[in-house]
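The values are calculated or read from the model by the stated rules, or taken from the named source; none is laboratory data. Not measured: the values here are computed from a predicted model. With ideal geometry, Cβ positions are generated from the backbone for all residues, glycine too; neighbour counts draw on all protein chains shown. Only protein heavy atoms, including side chains, enter the accessible area calculation; ligands, DNA and RNA are left aside. Shrake-Rupley method; radii C 1.70, N 1.55, O 1.52, S 1.80 Å.
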Amino acid sequence: FGESVSNCTNNGNVSATLIDTENNIVAVGGVCGRIITADGCTNNGNINSKSGASVGGVIGIAENHSYDSQKFTNCKNNGEITVNSLADGVGGVMGSFVNRNGYGNISVSFTGFENNGKITVASGKAVGGVIGYCKSNKKLSIISCSSTAEISASTCSSVGGILGIDATSDKYNL
């Protein structure tokens, strides 16, 4: 997966039917499926995923494999998101953020995220208007983020207007 993207715009629709053959996390995003960090990216296309796992309007999943804290800024989704299967981390802007190094004082911040696209999820957990699932070791900050979207997740657990699940082990600032 790539390191970072900045100032990118997607205007096309994304349709994914993915099968995990190597026990990898399936990730679908309007701008990128799997990434380290992003800044100033916009998705205007609709996303239709027939796979579960992490689905986001801009980023499917972002992962930290280092000891460095991460910052994500000014990403926006205007497209509708539809997930027709069991999902685990669906967000208007980002499906999931996961710290993969397992230890360390890793903080993550999301600033200026905006979602305007409707979210429809058949079943699963961790559905958020902006971020579906977040796990950092130290501190989670969500600053000046908003969602105007309708969320339809009738058989899902942990659904939130901004954040679905916060699995951060220490402190957070919303």
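Sorted by packing (mean other beta-carbon atoms within 10 Å per residue), highest first, where do 36-46, 54-64 land?
Per-residue mean Cβ counts within 10 Å order the peptides as 54-64, 36-46.
So what are the radius of gyration and Dmax for the Cα set of segment 112-165, in Å?
Spelled out, the Cα radius of gyration and Dmax of segment 112-165 are 11.2, 32 Å.
Roughly to the nearest percent, how much of the accessible area of the chain is carbon and sulfur, given a 1.4 Å probe?
It is 44 percent, rounded to a whole number.
Along Cα→Cβ, 7 Å out, is where each label goes; now give me the distance between the ones at residue 13 and residue 100 in nm to one decimal.
3.2
Over all pairs of distinct alpha carbons, what does the Kirkwood formula give as the hydrodynamic radius of the chain, in Å?
Computed over the chain, the radius equals 15.1 Å.
So how much accessible area does residue 5 have, in Å² to the nearest 10, using a 1.4 Å probe?
It works out to around 30 Å².
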